[in-house]
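The values are calculated or read from the model by the stated rules, or taken from the named source; none is laboratory data. No experiment lies behind these values; they were computed from the predicted model shown. Backbone-built Cβ (ideal geometry, glycine too); neighbour counts: all protein chains shown. For accessibility, only protein heavy atoms count, side chains too; no ligands or nucleic acids. Shrake-Rupley method; radii C 1.70, N 1.55, O 1.52, S 1.80 Å.
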Amino acid sequence: TIPVFDVLPQDSTVQCNGAGNVGELDAWLAANAGLVASDLCSDIESIEYDLVSEIDLCGGVTGNGVYRFTITDNCGNVNSAEATWVVVDTLPPVITGGEDMEMEECENPPAGNYPEFDFWLTNNAGAVAEDDCQEFSWSNDFEPDNWEFLCGNTKFVDVWFFATDDCENVDSVM
């Protein structure tokens, strides 16, 4: 008789760690994805696995791999089942810092305080971000038409800054 799976190999999903999740994958494979096998007429001789398919999901660091686990008894009978190893990135970059820009005095047009403002805007208001999994990009929602004029040359604008990774996880700060 063919060997049977008393417990099928189990799928596993892990959060991306930025280092390929090699340790977790190795442990899952070493445990044969939690499968339990038996055979009524013979002993289990071997349990082997092979990678059947692999799909990148986002950022090149997340995805899934389908593994086939094959059990073989002492008589050469085999049985196979598959399980999926999944690496996800559900965590956004984490933004810290960032400062409001307040000018002490207002320069008259045409120069204005635009060089200082442009520096502040280009440098994401001084905020920094980290993502343990992958690269991310900065953006903001500044639109010149969003300036609010108070009196004279006095004006202000609210700007949101966004750090977005390749899996579309976003953190923001104003």
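Report whether or not Asp26 is assigned to a helix (DSSP H, G or I) and open to solvent by 80 Å² or more (accessible area, probe 1.4 Å).
So Asp26 fits the description; yes.
Hey, among the residues in segment 52-81 that are of a type in the set (Ser, Thr, Tyr) and out of contact with any Gly (no Cβ under 9 Å at 6 or more places or on another chain), which one's nearest to Ser42 (Cα to Cα)? The residue in question is Thr72.
Scanning segment 151-166 for residues that are under 33 Å from the mean Cα position of the chain (by Cα) and free of Cβ contacts under 8 Å to residues at least 40 places away in the same chain yields Val157, Asp158, Val159, Trp160, Phe162. Residues in segment 132-150 that are in contact (Cβ under 8 Å) with a residue 40 or more places away in the chain and part of a loop (DSSP other than H, G, I, E, B): Asp132, Cys133, Gln134, Glu135.
Tell me, yes or no, whether segment 158-165 has at least one residue that is in a loop (DSSP other than H, G, I, E, B) and surrounded by 13 or more Cβ atoms within 10 Å (Cβ to Cβ). Scanning segment 158-165 turns up at least one residue that is in a loop (DSSP other than H, G, I, E, B) and surrounded by 13 or more Cβ atoms within 10 Å (Cβ to Cβ). Annotation: Ser172 fulfils all but one of (1) under 30 Å from Asn32 (Cβ atoms); (2) among the polar types (S, T, N, Q); (3) open to solvent by less than 70 Å² (accessible area, probe 1.4 Å); (4) touching a residue at least 24 places away in the same chain (Cβ under 8 Å); the unmet one is (1). Considering the conditions (1) within 30 Å of Cys167 (Cβ to Cβ); (2) in a helix (DSSP H, G or I), Ala19 is excluded by exactly one of them, (2). For segment 56-106, a residue qualifies if it is in a strand (DSSP E or B), open to solvent by less than 40 Å² (accessible area, probe 1.4 Å) and charged (D, E, K, R), and exactly one does: Asp73. For segment 29-51, a residue qualifies if it is in contact with a Cys (Cβ under 9 Å, 6 or more places away or on another chain) and open to solvent by 80 Å² or more (accessible area, probe 1.4 Å), and the qualifying residues are Cys41, Glu45. So is Glu143 within 21 Å of Asn17 (Cβ to Cβ) and surrounded by fewer than 12 Cβ atoms within 10 Å (Cβ to Cβ) or not? Here the answer is no, as Glu143 does not meet what is asked.
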